[in-house]
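Student: Have a look at this one.
The values are calculated or read from the model by the stated rules, or taken from the named source; none is laboratory data. Remember, it's a predicted structure, so these values are computed and weren't measured experimentally. All Cβ positions, even for glycine, are placed from backbone atoms using ideal geometry, and neighbour counts span all protein chains on display. Areas reflect the complete protein model, heavy atoms only, side chains present, ligands, DNA and RNA absent. Shrake-Rupley method; radii C 1.70, N 1.55, O 1.52, S 1.80 Å.
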Amino acid sequence: MQLSQLLQNVRHTSNKTFQEIEIRGLAYDSRNVGPDCLFVAIKGEKTDGNFFAAQALERGAVAILSESIAPAGFSGCWIQVDNARQALAGAAASFYRYPTRAFELIGITGTNGKTSTAYLIESILLAAGQRVGVVSTIEYRGPEGTMPAERTTPESLDLQALFAKFVEQRCRFVVMEVSSHALDMERVHACRFRSAVYTNLTQDHLDYHHTMENYFRAKQRLFLGTGLGPPGQSIINRDDPRGAALEVLCASRCLTYSIQAKADFQVLDSRLGKKGLWVRLKTPKATFEMQTRLMGKPNLSNTLAAVAVASDLGIEPKAIRRGIENCPAIPGRFEWIDRGQPFHVFVDYAHTPDALQKVLQTARQLQPKRLLVVFGCGGERDRAKRPAMAQVAEALADSIWITSDNPRNEDPMQILAEIETGLTARPARHQTEPDRLTAIREALSHAQPGDAVVIAGKGHETYQVLADRTIHFDDREEARLALSELGFDS
């Protein structure tokens, strides 16, 4: 592709003409540069891509795109832009010929519930006989296979390349989790969204956004549009306090859902059993009942959101019901660990105060004799939520194990001490154990018949990030192994 064609929809300050420069690839990491490549130099939190411009040229780059001016004496093609991340996204979309114009893109944003809602929507679309791609926190997958997810929403260049693969695989729909980081960092710029879903907003990522208002403004960008116009339809959770503001923002292109208020899609009745949820709900066109293997009040909300999206896309009620009922348990989302033990064990991704509260409330609905919880807080992340999570655990659990959860470069004991500041003076109810494996084993060894144990924070993750290395660690594997060592092995 000619550089001039690639930059057609990218605002830049260069007066040069670029017709003669052929671009065969794009890169934002100089290690990935190949012959005839456009290198986009991005200033990050930890390093500056401009430092690697010379290396990119040595590896075959024929043009550099940057927010900085060209260095003195530079004689090559240097394109200056106001926003390098946005320019990368626009150039990537152009390079891959705007793949989101070839399918219906469904974006889901919110602090909690994105993954479960994405899986439910995918299940409905598959039940309707559609070819579907998914971009989620757990994995990226399409009709021809899966790959591990490095982050919730990939960098724009990687995302457009993935979208191009979905086009090749003849996907009619793509369901994607859209994080606040992705919106703020322009990763989804130049994407056309058919549907945008808002689940909720609770405390998280304040290490990055600093205030809840900034966090919400980042979420709003999905509903205002990301470069190719606003979404065709917005699906808003009316139970969330911020939902009303989004309803005003989206005006005539908005549908609402609620489990407790009047809305376009609302729950009329529900029951929680040991094998999932039964729900009766109302839509603008019908009232119907369904069963889901997912558990808890949050999944009532997620189910409603999925039904609203599917209904708006024209999916028949029979396929919607079948999709909801067929949706398997979602990895690391209130995932039941069963080795024949006489007590419940659940692994969940809850790593915010609101998510921990909801998962413990769900466990309480099963009426256990005692509720035991193991949780921690990530290092180099929002420190304000550490005492808040302790307060939630103390309010809802009978016994608490505070432990490590990806401490990164922070001192694990310091993280635990900050969590403990949220507890009242009842030390008999909690223990601090920096070794996560030991904490899990201790909690399970203390469980008695009729109890419930919730291991929260990591969910589907298969690693623990330490100061000097990343090790394999899976809460589900460790729980199963610990239960086997306790004599439960059915």
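Student: If you take the residues of the stretch 394-417 that are part of a loop (DSSP other than H, G, I, E, B) and open to solvent by 20 Å² or more (accessible area, probe 1.4 Å), which of them is nearest to Glu442 (Cα to Cα)?
Tutor: Here is the first cut: in the stretch 394-417, the residues part of a loop (DSSP other than H, G, I, E, B) are 397-398, 403-411.
So of that shortlist, the ones also open to solvent by 20 Å² or more (accessible area, probe 1.4 Å) come out as 398, 408-411.
Details: Asp398: 15, Arg408: 24, Asn409: 26, Glu410: 24, Asp411: 22 Å.
Step by step, filter the stretch 394-417, then rank; the result is Asp398.
Student: What residue, among those in the stretch 118-138 that are part of a strand (DSSP E or B) and more than 14 Å from the chain's Cα centre (by Cα), is nearest to Gln291 (Cα to Cα)? Full working, then the answer.
Tutor: In the first step, residues of the stretch 118-138 are kept if they are part of a strand (DSSP E or B); the result is 132-135.
From the residues that got through so far, the ones that are more than 14 Å from the chain's Cα centre (by Cα) too are 132-133.
Working: Val132: 23, Gly133: 25 Å.
Step by step, filter the stretch 118-138, then rank; the result is Val132.
Student: Mind counting the residues in the stretch 152-207 that are closer than 19 Å to Glu122 by Cβ, among the polar types (S, T, N, Q) and over 16 Å from the mean Cα position of the chain (by Cα)?
Tutor: 2
Student: Determine if the stretch 371-393 includes at least one residue that is touching a residue at least 60 places away in the same chain (Cβ under 8 Å) and farther than 22 Å from Thr202 by Cα.
Tutor: yes
Student: Looking at (1) of a type outside the set (Phe, Trp, Tyr); (2) open to solvent by 50 Å² or more (accessible area, probe 1.4 Å); (3) at pLDDT below 90, which is the only condition Ser14 fails?
Tutor: (2)
Student: Filter the stretch 376-393 for residues that are open to solvent by less than 20 Å² (accessible area, probe 1.4 Å) and in a helix (DSSP H, G or I); which is nearest to Asp451 (Cα to Cα)?
Tutor: Ala393
Student: Name the residues in the stretch 253-277 that are modelled with pLDDT of 90 or more and open to solvent by less than 20 Å² (accessible area, probe 1.4 Å), would you?
Tutor: Across the stretch 253-277, the qualifying residues are Thr256, Tyr257, Ser258, Ala263, Phe265, Leu277.
Student: Quick check, is Ala355 surrounded by fewer than 19 Cβ atoms within 10 Å (Cβ to Cβ) and either in a loop (DSSP other than H, G, I, E, B) or at negative phi (or both)? Before the answer, list the steps.
Tutor: On the way: surrounded by fewer than 19 Cβ atoms within 10 Å (Cβ to Cβ): no; either in a loop (DSSP other than H, G, I, E, B) or at negative phi (or both): yes.
Spelling it out, it is not the case that Ala355 is surrounded by fewer than 19 Cβ atoms within 10 Å (Cβ to Cβ) and either in a loop (DSSP other than H, G, I, E, B) or at negative phi (or both).
Student: Residues that are hydrophobic (A, V, I, L, M, F, W, C) and touching a His at 6+ places or on another chain (Cβ under 8 Å): find the strands (runs of 3 or more DSSP E) completely inside the stretch 269-348 holding 2 or more of those.
Tutor: On the way: elements: 276-282, 287-292, 344-348.
Filter on the stretch 269-348 gives an empty set.
Student: A further question on this structure: Can you go through Glu58, Glu67, Glu22 and tell me which one is without any contact (Cβ under 8 Å) to a residue 60 or more places away in the chain and either open to solvent by 100 Å² or more (accessible area, probe 1.4 Å) or small (Gly, Ala, Ser) (or both)? Show your work before the answer.
Tutor: On the way: Glu67 fails: either open to solvent by 100 Å² or more (accessible area, probe 1.4 Å) or small (Gly, Ala, Ser) (or both); Glu22 fails: either open to solvent by 100 Å² or more (accessible area, probe 1.4 Å) or small (Gly, Ala, Ser) (or both).
It is Glu58.
Student: Report the residue count in the stretch 278-296 for those that are surrounded by 15 or more Cβ atoms within 10 Å (Cβ to Cβ), closer than 17 Å to Gln260 by Cβ and touching a Leu at 6+ places or on another chain (Cβ under 8 Å).
Tutor: Number of matching residues: 4.
Student: Also, I was wondering about something else. Considering only residues that are in contact with a strand residue (DSSP E or B) (Cβ under 6 Å, 6 or more places away or on another chain) and in contact (Cβ under 8 Å) with a residue 24 or more places away in the chain, look in the stretch 146-160 and name the one that is nearest to Glu461 (Cα to Cα).
Tutor: Among them, the one singled out is Thr152.
Student: Just a yes or no: is a residue in the stretch 276-293 small (Gly, Ala, Ser) and in contact (Cβ under 8 Å) with a residue 60 or more places away in the chain? Reasoning before the result, please.
Tutor: If we filter the stretch 276-293 for residues that are small (Gly, Ala, Ser), which is where we start, we get 276, 286.
Now restrict to residues that are in contact (Cβ under 8 Å) with a residue 60 or more places away in the chain: none.
Within the stretch 276-293, none of the residues are small (Gly, Ala, Ser) and in contact (Cβ under 8 Å) with a residue 60 or more places away in the chain.
Student: Between Gly340, Gly273, Gly296, Gly323, which is without any contact (Cβ under 8 Å) to a residue 24 or more places away in the chain and not polar (S, T, N, Q)? Can you show your working first?
Tutor: Working: Gly340 fails: without any contact (Cβ under 8 Å) to a residue 24 or more places away in the chain; Gly296 fails: without any contact (Cβ under 8 Å) to a residue 24 or more places away in the chain; Gly323 fails: without any contact (Cβ under 8 Å) to a residue 24 or more places away in the chain.
On inspection, the qualifying residue turns out to be Gly273.
Student: State all residues of the stretch 225-244 that are touching a helix residue (DSSP H, G or I) at 6+ places or on another chain (Cβ under 8 Å) and either over 20 Å from Thr303 (Cβ atoms) or of a type in the set (Ser, Thr, Tyr) (or both); if no residue qualifies, say none.
Tutor: Result: Thr226, Gly227, Leu228, Pro230, Pro231, Ser234, Arg242.
Student: Mind checking whether some residue in the stretch 76-98 is without any contact (Cβ under 8 Å) to a residue 60 or more places away in the chain, among the charged types (D, E, K, R) and open to solvent by 50 Å² or more (accessible area, probe 1.4 Å)?
Tutor: We begin by selecting, within the stretch 76-98, every residue without any contact (Cβ under 8 Å) to a residue 60 or more places away in the chain; these are 76, 84.
Still in the running and among the charged types (D, E, K, R): none.
No, the stretch 76-98 has no match at all.
Student: Restricting to the stretch 27-46, what's the tally of residues that are free of Cβ contacts under 8 Å to residues at least 40 places away in the same chain and surrounded by fewer than 21 Cβ atoms within 10 Å (Cβ to Cβ)?
Tutor: Applying the first criterion (free of Cβ contacts under 8 Å to residues at least 40 places away in the same chain) to the stretch 27-46 yields 29-37, 39, 44-46.
This time we only want the ones that are surrounded by fewer than 21 Cβ atoms within 10 Å (Cβ to Cβ), so: 29-32, 34-36, 44-46.
Residues meeting the conditions: 10.
Student: What are the pairs with Cβ atoms under 6 angstrom where one residue, in the stretch 431-459, is over 25 Å from Ile138 (Cα atoms) and the other, located anywhere, is open to solvent by 50 Å² or more (accessible area, probe 1.4 Å) and part of a loop (DSSP other than H, G, I, E, B)? Sequence gap at least six, or different chains.
Tutor: Pro449/Pro342; Gly450/Lys369; Asp451/Lys369; Asp451/Arg370
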